[in-house]
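A short write-up of the structure that comes next.
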Amino acid sequence: MSLQILNGARIWLCDAQGPRLSSGRDATDIIGDAYGADVAVIDLPAARLADEVFDLRTRLAGEFVQKFVNYGVALAI
């Protein structure tokens, strides 16, 4: 993970390689990792998301994204 500043916005760039993410707990972990850097946006490669997240019947996408809404951090996939 790395921090980049783009047009004054602090963006946390997540590595494309790493564990697959699928739950609200996974989202909270990513947000927690970036918390100390006071970021506005977390950029998460789609390759990091588990396949189940893209199956809307599982509701995992909603749970995952809702964590970002709750913590006031924008998510870019």
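The values are calculated or read from the model by the stated rules, or taken from the named source; none is laboratory data. These numbers were taken from a predicted model, which means no experiment stands behind them. No Cβ is skipped: glycine too gets one built from the backbone with ideal geometry, and neighbour counts run over all protein chains shown. For accessibility, only protein heavy atoms count, side chains too; no ligands or nucleic acids. Shrake-Rupley method; radii C 1.70, N 1.55, O 1.52, S 1.80 Å.
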For this session: Only residues that are in a helix (DSSP H, G or I) and within 26 Å of LEU3 (Cβ to Cβ): list them for region 42-60, please.
Result: ALA46, ALA47, ARG48, VAL53
Seminar exercise, completed: Counted residues in region 36-55 being touching a strand residue (DSSP E or B) at 6+ places or on another chain (Cβ under 7 Å) and either closer than 15 Å to ARG20 by Cα or open to solvent by 30 Å² or more (accessible area, probe 1.4 Å) (or both) come to 8
Seminar exercise, completed: Scanning region 56-69 residue by residue, those of a type outside the set (A, V, I, L, M), more than 20 Å from ALA16 (Cβ to Cβ) and open to solvent by less than 100 Å² (accessible area, probe 1.4 Å) turn out to be THR58, GLY62, GLU63, GLN66, LYS67
Exercise. Taking region 20-35 as the search range and keeping residues that are charged (D, E, K, R) and under 27 Å from LEU6 (Cα atoms), which one is least open to solvent (accessible area, probe 1.4 Å)?
Worked result: ASP26
